[in-house]
Amino acid sequence: MKTLFRILKFGRQWRWCFYYVLFSLAILTMFSLVLPIAIRELLNVIVDIGDYETLPREIWIITGILLLVYVVRFIFRASSEFIRRYYARKTQAKIRCDVYSHLQTLSPRFYHDKQVGQISSRLMEDTQYVTMLFIETLPEFIIGILTIVSVVTVLFIINPLLALFVIAPLPLILVMSIIQRKMTKYVKRAKKLIGEQHGLLSDNLQGMKEIQVFGKQDYEEARFRALSKEINSLAFRSNRWGCFLRPMMDFLQGLAR
C-alpha cells in the first residue's frame, strides 16, 4: 500500500481522473448487481400479465428501460477505460521524467558501482508496471472488493444464514493472500536480477572489444549464465506456488456457484 500511495503522489496533478474512475467503477458494480435482479422482476411481471392486449406496451417499456440502462453502462465503461489509460500514461511519464531529473543530481560516486543497463532497465522497464496497475490490476481489485461487500451486505439483510455460508471460504482467501505474497517475493528478486542481467549485457556489448582483447569471453558468459540460472530458479519457485493458487481460485468459484 505504501508503494501505491507513493505512485499516486506522482499523479496528483490528474487526481480528478482517479476519482472519476472510482466513481464509475462503483456505478458499474451497482449495475452488475442490480441488472440481473431487475431483469428477473420484469420478466416475472410479463409472465404474470393476464391481459395480453397490454403485453406489447409492457414489452416496449421494459425494452426502453433496459436499453437506457445498457447505454449508460456503456458510457461509464468506455469513459472509465479511456480515463484510466490516460491517467496511467500521464503518471508513468511523470515518474520517468522525475526519476531522470533526479539521476542528473546524483554524485559520480553513485554511478561508480552501478551498471548503465540496470539503471535504464529500472527507469524504462519497471515503470511499465504502472500502466498495468491502473489499467488492469487496481480496477479489478476495486470491483472485487465492492462486489463482495455489496453481496455480503444484501445477503445479511435477506438471509443471515446464507451470508454465513458465503463468507465461509474467507480463510481460504487468507491462504491465497499468503501464497500471493510468497510469489511476489520471488518476482521482486527476479526483477532485480533481470535488471542486473540487462546491465551486464549492456556493459559487455559496449566493451566487447576489450573483452575479446583480454580473452574474457568465457568469464563473462559464465556470469551471464549464472544470472539466467538464478532468474529461472526464482521463476520456477513462483510458478510452483502459482500452480497451487489457480486451482484454489477455481475451487472458490465452484463454491460460489
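Every number here is computed from the coordinates shown, using simple stated rules; none is lab data. Computed from a predicted model, the values in this text were never measured in an experiment. FYI the Cβ positions are ideal-geometry reconstructions off the backbone, even for glycines, and counts take in every protein chain you see.
Each part reduced to its alpha carbon centroid, the stretch 70-103 and the stretch 128-196 end up 22 Å apart. Local charge sum around E210 (other residues, Cβ-Cβ under 11 Å, Lys/Arg +1, Asp/Glu -1)? Net charge in that neighbourhood comes out at 0.
Per-residue extension of 0.36 nm, minus the Cα-Cα distance of C243 and I65, leaves a gain of 59.6 nm for this segment. For the chain, lysine pairs with C-alpha atoms less than 15 angstrom apart, excluding pairs fewer than eight positions apart on the same chain, total 6. Relative to the longest principal axis of the Cα atoms of the chain, the long axis of helix 55-103 makes an angle of roughly 20 degrees. Backbone phi angles across the stretch 210-222, fed through the Karplus curve with coefficients 6.51, -1.76 and 1.60 (θ = phi - 60°), yield HN-Hα couplings of 5, 4, 5, 5, 8, x, 9, 4, 5, 5, 5, 5, 5 Hz in residue order; Gly and Pro are listed as x. Full extension of the chain between L22 and K188 gives 56.9 nm of extra length, using 0.36 nm per residue less the Cα-Cα distance. The tail of the calculated P(r) for the stretch 182-235 beyond 16 Å holds 45 percent of all Cα-Cα pairs.
Site pair S228 and R12 shows an inter-label distance of 4.6 nm when each label is modelled 7 Å from Cα along Cα→Cβ. The modelled label-to-label distance for the pair I142/L33, using points 7 Å beyond Cα in the direction of Cβ, is 1.6 nm.
The modelled label-to-label distance for the pair M176/V154, using points 7 Å beyond Cα in the direction of Cβ, is 2.0 nm. Length gained on full extension, L161 to L205, computed as 0.36 nm times the residue gap minus the Cα-Cα distance: 9.2 nm. Considering only V213, V187, V21, the mean-square fluctuation computed in a Gaussian network model of the chain, springs between alpha carbons under 10 angstrom, is largest for V213.
Pairs of alpha carbons in the chain separated by more than 24 Å make up 68% of all such pairs.
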